[in-house]
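Here is the structure we will look at, set down as structure tokens.
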Amino acid sequence: MADYLKIVYDTKTRPKTTYPAKFASLLFLKYGMKAGETLLEAGCGRGEFLAEFQSLGLKCTGIDLSPQAGSLAPGVEIKTGVNFDQDIWPFPDNHFDIIYNKSVIEHLRRPDYFLKEAHRVLKPGGKMLCLTPDWETQYITFFDDFTHHTPFTTVSMNVILQMCDFSGIEVYKFRQLPIVWKYPIINRFCAFISPFINIRTKKKFLRWSRELMLFGYATKPFI
């Protein structure tokens, strides 16, 4: 069977963009990350986000199933061949300050197992940043990717983080348009036009005006 990254994230059809740099900078500032902290990206894919987090001074590591993982993050330690539905992650307990994952848990049959392993390797007080497609705005196209298994809503994301022993949980819908991060008022315009946008449009501004992600933030308790 062909490798997922080669098919879905082929560099010719999905070339590298400036989005990962902008998004990494947003998270770095919003969640008070500090240079020298350790970050694990679980399901790192090509490694664009890892490369940007590392450029901000974080000590980064990636983990993924695909042997092609990390191709765009030279110099970053990448551990491959890890099945998130069943494998023990190759790290000791209480090891990382931050765990980041984007568009991963929807591919899993056992997302609770994934989050329990993330909880195990996260330091007490460490931060979990988890993004996944918002089912309410992406349900029509969700299964266009046949590897998707588990959709999430704000309610189910909140519940699974609680059940996996995280605290300080905050779950919200997130629009992947850098302009709305700077000018939040534009969210209203996007919400207004979204019902009129073709659900499979190839234009990113229109697509990301319509589609939302769920952003789950949580911490590992000290006790």
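No lab work stands behind these numbers, since they all come straight from the coordinates. Note that the structure is predicted; figures quoted are calculated from it, not measured. As a convention, Cβ positions derive from the backbone with ideal geometry for all residues, glycine included, and neighbour counts pool all protein chains shown.
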*If one computes P(r) from the Cα atoms of the stretch 25-129, what percent of pairs lie at distances over 21 Å?*
27 percent
*Calculate how steeply helix 111-121 sits against the longest principal axis of the alpha-carbon atoms of the chain, using the helix alpha-carbon long axis, and give the answer as 0 to 90 degrees to the nearest 10.*
40 degrees
*asked:* 7 Å from Cα along Cα→Cβ at both residue 142 and residue 186: what's the point-to-point distance in nm?
replied: 2.8 nm
*At a Cα cut-off below 20 Å, give the lysines reachable from residue 182, other chains included and same-chain residues fewer than 8 away excluded.*
22, 30, 173, 204
*Once the piece of chain linking residue 163 and residue 17 is laid out straight, how much longer is it, given 0.36 nm per residue of separation minus the C-alpha distance between them?*
49.0 nm
_Rounded Å value of the spacing that divides the Cα centres of the stretch 24-89 and the stretch 168-211_ = 25 Å
*Just need the Rg to Rh number for the chain, please, alpha carbons only, Kirkwood Rh.*
0.94
*asked:* Using a Förster radius of 30 Å, what is the FRET efficiency between residue 223 and residue 153 based on their Cβ-Cβ separation? Nearest 0.05, please.
replied: 0.55
*Using R₀ = 35 Å, calculate the FRET efficiency as 1/(1 + (r/R₀)^6) where r is the Cβ-Cβ separation of residue 109 and residue 30; round to 0.05.*
0.65
*Put +1 on the Cβ of every Lys and Arg and -1 on every Asp and Glu Cβ in the stretch 1-125; which of 75, 27, 101 then has its Cα farthest towards the positive end of the dipole?*
27
*With contacts defined as alpha carbon pairs under 8 Å and 6 or more residues apart, what's the relative contact order of the stretch 124-223 in percent?*
48 percent
*In percent, what relative contact order does the stretch 52-141 have, based on Cα pairs under 8 Å that are 6 or more apart in sequence?*
25 percent
*Theoretical FRET efficiency, 1/(1+(r/R0)^6), r = Cβ-Cβ of residue 204 and residue 3, R0 25 Å, to 0.05*: 0.50
*Determine the equivalent ellipsoid of the stretch 129-187 by diagonalising the alpha-carbon gyration tensor, then write out the semi-axes as square roots of 5 times the eigenvalues, largest first, rounded to whole Å.*
22, 19, 9
*Based on DSSP H runs of at least 4 residues, each adding -39500 (n - 2.57), what is the mean residue ellipticity at 222 nm of the chain after dividing by all its residues, to the nearest 500 deg cm²/dmol?*
-8500 deg cm²/dmol
